[in-house]
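Trainee: Sharing a structure with you now.
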Amino acid sequence: MTFRLTVLGTATPYPRPDNPCSGYLLRTDHTAVWVDAGPGTLAALQRHHRPDLVDAVWISHTHADHAADLLPYYYALLFADGHPREPVPLYGPPGLAARLEAFLAGAAPNPASAAFDVHELHDGHRAEIGDLTLTSHAVEHGLPAFGLRAAHGDAVLAYSGDTGPCPALDRLADGADLFLCEADGAGPHHCAP
């Protein structure tokens, strides 16, 4: 059984040349999940997987450096060459759909439900997406934010999301085969995907 992680971007708080903001692609032989959709990650995703064929999108929190590419993704799904058979499952913090709709508001309503089947996360939220199990854990970030444990068979990947040290982060990483921990500091940003 294959379980792969592709880093789409790691820049924060804004994209850098050749480095989008936070975004990752989790794949097995049968399932693809886009984790966080920071600016520039939709373009990077297209190098590895057709965006209209992802099985789900999982968003850790609503800050733009983790969620802004949901906006062009909405347009790609509905008005460009992407034509999913049904709305793409979108897992994110409470209020994510309302924030998308507020941004997309124009002459006509643009409901998030036209492109996404929205599921609001809570601590302990569990979703079965193809052959992946996604479990969300509330972390500390000053607004609703989540870390992720993704399991495929016996393999477990833990993703911190955007948080500082906290007991929830320790529990999230405990026993994981791979812990993907976003980190940033006061010095120059030299992250590379």
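The values are calculated or read from the model by the stated rules, or taken from the named source; none is laboratory data. Note that the coordinates shown come from a computational prediction; the quantities given were computed from them, not determined experimentally. Reconstructed Cβ throughout: ideal geometry from the backbone, glycine too, with neighbour counts over all protein chains shown. Side chains included, ligands, DNA and RNA excluded: accessible areas come from the protein's heavy atoms. Shrake-Rupley method; radii C 1.70, N 1.55, O 1.52, S 1.80 Å.
Trainee: Run the simple label-point estimate for HIS30 and ARG47 please: 7 Å along Cα→C-beta, distance reported in nm.
Mentor: 3.0 nm
Trainee: What would the Debye equation give as log₁₀ I(q)/I(0) for region 128-176 at q = 0.24 Å⁻¹, counting only Cα atoms as equal point scatterers?
Mentor: Relative scattering, expressed as log10 I(q)/I(0), comes to -0.81.
Trainee: Students often check this: by mean Cβ neighbours within 10 Å, which of 143-156, 169-182 ranks highest, and how do the rest follow?
Mentor: 143-156, 169-182
Trainee: Then there's this: Over region 60-142, average the accessible area per residue using a 1.4 Å probe and give it in Å², no decimals.
Mentor: About 50 Å² of surface per residue is accessible.
Trainee: Also: Summing +1 for each Lys or Arg and -1 for each Asp or Glu, what net charge is found among the other residues whose Cβ lies under 11 Å from the Cβ of THR31?
Mentor: Net charge around THR31: -2.
Trainee: Next up: Where the accessible area of the chain is counted over protein heavy atoms with a 1.4 Å probe, how much of it, in %, is carbon and sulfur?
Mentor: 55 percent
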